[in-house]
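Let me begin by presenting the structure, written as structure tokens, before commenting on it.
The values are calculated or read from the model by the stated rules, or taken from the named source; none is laboratory data. This is a predicted model, so every value here is computed, not measured. All Cβ positions, glycine included, derive from the backbone under ideal geometry; neighbour counts span all protein chains shown. Each accessible area value is taken on the protein alone, full model and side chains, heavy atoms only, with ligands, DNA and RNA left out. Shrake-Rupley method; radii C 1.70, N 1.55, O 1.52, S 1.80 Å.
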Amino acid sequence: MDLASGWIWLFDEETRRFYLAASWQLPPYLQEPVQMTGSNCWCFESFLDGDFVSQNVDVIECSRLRKAERAGEAALTAGMKYHASVGLRSGSRLLGIMNLSGPHWRALDENDLGVLSTLGAHVGMAVDRAQLGERAARLVRTEERTRLARDIHDTLAQDLTAIALQLEGALRHLPSGDARVRVEKALAVTRDALEDARESVLTLRSDPLGGKPLASALAALARAFTSETGIIATFADRGVSALPHPAEVALYRIGSEALANVRRHAAARRVELSLAQAEGAVVLAIEDDGIGIAPEASGDPASAAYAGPAAGRYGVIGMRERAAALGGTLAIGPRAAGGSRVEARIPIES
């Protein structure tokens, strides 16, 4: 079909927003992140209204191209006047939109649109399978966390409460002496254990990861970041085994803060999050292709921050503290290919 440019929007049912999942050879104007956020356009509105059909969309209907025309920047669209919008479907469900355009920016005929619609159905089924697997894993995890919270509350916490009441009753009848000291210590230990049990229940029920495994939560974080900023964020899971929940929460918070720094300071077009396991530790890396970092006067890259803010900014301090609380480290430095790299390393038991 002599097509040269393409981009795919997928719809995130959790946030009810679109994010740019993939793109190829976009013209300069559409490469600007601000032009490719998940903000509404004709395609999105038609999708949400339930009346989307595969068709040609011209420069007048496409709000992103129309902005270039109105701003006198049509040259930056490389002459793009049309794109074909094709629904990505799985059965009757619409999962996203594939937009395509060719070097002569011609409108595609009905046969071409029909072929692309068939392709869109195949892509849609693949996306749907991946999403179903993710939802199934999340459901199992959520059910397990709920069961654990209920068991701790109904058994351990109740038993500890009963023990504390018995010890308190015994103290009222004990004179001063060694026996009383021992019972007082036992009561203090019981109360501390009861408080720990209650905190565990609260942690299990109020999960910042939304019941997702860490990998799924980071992937969702990347999708939301792409939708909000237009900066392409990807996530790579390199085979990390199950982690203690405090470690998952810490790494998720570090990833979230690192992305916030990319948004505020890096002027990046792309950012990649990766989660890997190596040498007795789990490593979360966030790499962007932005303007890089400004080393501190000491010249230590690990003490550097993104160009503009100082390393002592609260966000960076918070990331370091979260890693240190689990015996880990945080390093912020330049990326070999340009831009910045944030690396959180948390030790794990082998």
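Cross-link partners for K185 among the lysines, with Cα-Cα distance under 28 Å and sequence neighbours closer than 8 places in the same chain left out, do not exist in this structure. Taken about its Cα centre, segment 1-137 carries a charge dipole of about 200 debye when Lys and Arg each add +1 at the Cβ and Asp and Glu each add -1 at the Cβ.
Return the single residue from S39, S101, S92 with maximal mean-square fluctuation; model: Gaussian network over the chain, springs between Cα atoms under 10 Å. Judging by the Gaussian network model, the answer is S92. Summarising the label geometry, the points placed 7 Å from Cα in the beta-carbon direction at R198 and Q131 lie 4.2 nm from one another. The residue among F52, Q25, A136 whose Cα reaches farthest toward the positive pole of the charge dipole of the chain, with charges on the beta-carbon of Lys, Arg, Asp and Glu, is A136. For segment 6-119, just say rounded, prolate or oblate: build the C-alpha gyration tensor, square-root its eigenvalues into a ≥ b ≥ c, call rounded for a/c under 1.5, and beyond that prolate if a/b exceeds b/c, oblate if not. Oblate.
Using C-alpha pairs under 8 Å with a sequence gap of at least 6, the mean separation divided by the residue count of the chain gives a relative contact order of 13 percent.
Considering only C-alpha atoms, what is the centroid distance from segment 215-244 to segment 1-75, in Å? Here the two parts' Cα centres lie 22 Å apart. In a reduced charge model with +1 at each Lys and Arg Cβ and -1 at each Asp and Glu Cβ, the chain shows a dipole moment near 400 debye about its Cα centre.
Here the 3J(HN,Hα) profile of segment 216-232, calculated from phi with Karplus coefficients 6.51, -1.76 and 1.60 at θ = phi - 60°, is 5, 5, 5, 5, 5, 4, 5, 4, 5, 4, 4, 4, 7, 10, x, 6, 5 Hz, Gly and Pro shown as x. In straight-distance terms, cross-link reach from K81 covers every one of the lysines whose alpha-carbon lies under 25 Å from its own, apart from those fewer than eight places away in the same chain; here that gives K67. Computed over the chain with a Gaussian network model linking Cα atoms closer than 10 Å, the most mobile of R147, R320, R263 is R147.
Please identify, among Q55, Q31, Q158, the residue showing maximal mean-square fluctuation in a Gaussian network model of the chain using a 10 angstrom Cα cutoff. Greatest mean-square fluctuation among the candidates belongs to Q158.
Backbone amide hydrogens, once placed in the peptide plane, bring G339 within less than 5 Å of G292, excluding anything fewer than 5 places away on its chain.
For segment 16-172, calculate the relative contact order in percent as a whole number, restricting contacts to Cα pairs under 8 Å that are 6 or more residues apart. Result for segment 16-172 is 17 percent. Find out how many positive minus negative residues lie around M36, taking Lys and Arg as positive, Asp and Glu as negative, among other residues whose Cβ is under 11 Å from that of M36. Every neighbour counted, the sum reads +1. Taking amide H positions as modeled 1.01 Å from N, with prolines and chain starts lacking one, the residues under 5 Å from A281 and 5 or more places away or on another chain are I348.
The modelled label-to-label distance for the pair E321/R264, using points 7 Å beyond Cα in the direction of Cβ, is 1.5 nm.
Karplus-derived 3J(HN,Hα) values for segment 175-190, using 6.51 cos²θ - 1.76 cosθ + 1.60 with θ = phi - 60°, are x, 5, x, 4, 4, 5, 4, 5, 5, 4, 5, 4, 5, 5, 5, 4 Hz; glycine and proline are entered as x. Computed from the alpha carbon atoms alone, the convex hull of the chain holds 192 Å³ per residue.
Apolar share of the accessible surface for the chain: 54 percent from carbon plus sulfur atoms, 1.4 Å probe. In the chain, the calculated helix contribution to ellipticity at 222 nm averages -14000 deg cm²/dmol per residue, counting -39,500 (n - 2.57) for every DSSP H run with n ≥ 4. Near G230, the amide H atoms lying under 5 Å from its own belong to G38; only residues 5 or more places off or on other chains count, and H is placed 1.01 Å from N.
Take every Cα pair under 8 Å whose residues are at least 6 apart in sequence, average their separation, divide by the length of segment 7-84, and the relative contact order is 27 percent.
Whole-Hz Karplus values for segment 316-332 come out as 5, 4, x, 4, 4, 5, 4, 5, 5, 4, 10, x, x, 9, 10, 10, 10 Hz, taken residue by residue from phi with 6.51 cos²θ - 1.76 cosθ + 1.60 and θ = phi - 60°; glycine and proline positions read x.
From most to least packed by mean Cβ count within 10 Å, the peptides 112-120, 251-259 give 251-259, 112-120.
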